[in-house]
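Throughout, read-outs are computed from the coordinates displayed, never taken from laboratory work. What you are looking at is a predicted structure, and each value in this text was computed from that prediction instead of being measured. No Cβ is skipped: glycine too gets one built from the backbone with ideal geometry, and neighbour counts run over all protein chains shown.
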Amino acid sequence: VVVQADAVPADALSGLAAGMQQCRACPLGAAATQAVPGEGPMQPSLMFVGEQPGEQEDLRGRPFVGPAGQLFDRALQALGVARTAVYVTNAVRHFKYELRGRRRIHKTPSQQEALACSHWLEEEIALVRPRALVALGGTAARSLLGYPVAVLQERGRWLERADGLRVLVTLHPSALLRLPPQEQPQAFEDFVRDLSGALSPSP
Ligand code: URA
């Protein structure tokens, strides 16, 4: 699909969404139910970038609607930010999984797969024109910045892309869900603190 330069952004975004449904630049598209485009307003203050759709997102065609999405929504709520006020998307557009019996178990996308997918993200950024970006986890941080990022060291900090767009890096909500239950409240507080940095003007 060719996105026309003169198309209005919303139309161009639907063109992009249609294009990613056909994408077979890596093997993931053939095994997934559908590609998952981003969603949210144009020119938002923030665009949040996750890793890839999970089971629920793959079935429903929307980003962050499963368990990680619920945690993300709780964090936004704690910050008093409406989900509809921000743009939410992913670095990789098709669900990567491994079959265990009938269950589809999440597998981290390879760097090659993330690279094959990164043009969708770049085109989305160019059309949506967020004021700043938030990378949820290492896959998103690497796709957005072009180099591997030590998320635990860089969390809560603003980094800058070659095009001048700022990227705040934090953990992926799924990483919080994998912690032992007794560690989750503190981890959630820390996650919310990172995100609160994205809401205040950067230096
Ligand atoms: N995890 C992600 O990174 N993205 C989603 O959309 C859902 C879970």
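When the helices of the chain are scored as -39500 (n - 2.57) per DSSP H run of n ≥ 4 and the total is divided over every residue, the value at 222 nm lands at -12500 deg cm²/dmol. 3J(HN,Hα) along the range 45-52: 5, 9, 10, 8, 10, x, 8, 7 Hz, from the Karplus curve 6.51 cos²θ - 1.76 cosθ + 1.60 with θ = phi - 60°, whole Hz, x for Gly and Pro. Taking packing as the residue-averaged number of other Cβ atoms within 10 angstrom, the listed peptides 172-180, 135-143, 62-70, 97-105 run from highest to lowest as 135-143, 62-70, 172-180, 97-105.
The HN-Hα couplings worked out from phi for the range 103-112 by the Karplus form 6.51 cos²θ - 1.76 cosθ + 1.60 (θ = phi - 60°) are 7, 9, 9, 3, 10, 5, x, 6, 5, 5 Hz, whole numbers, x standing for Gly and Pro.
Annotation: amide H-H contacts under 5 Å for residue 64 (H modelled 1.01 Å from N, sequence separation of 5 or more, or interchain): 54.
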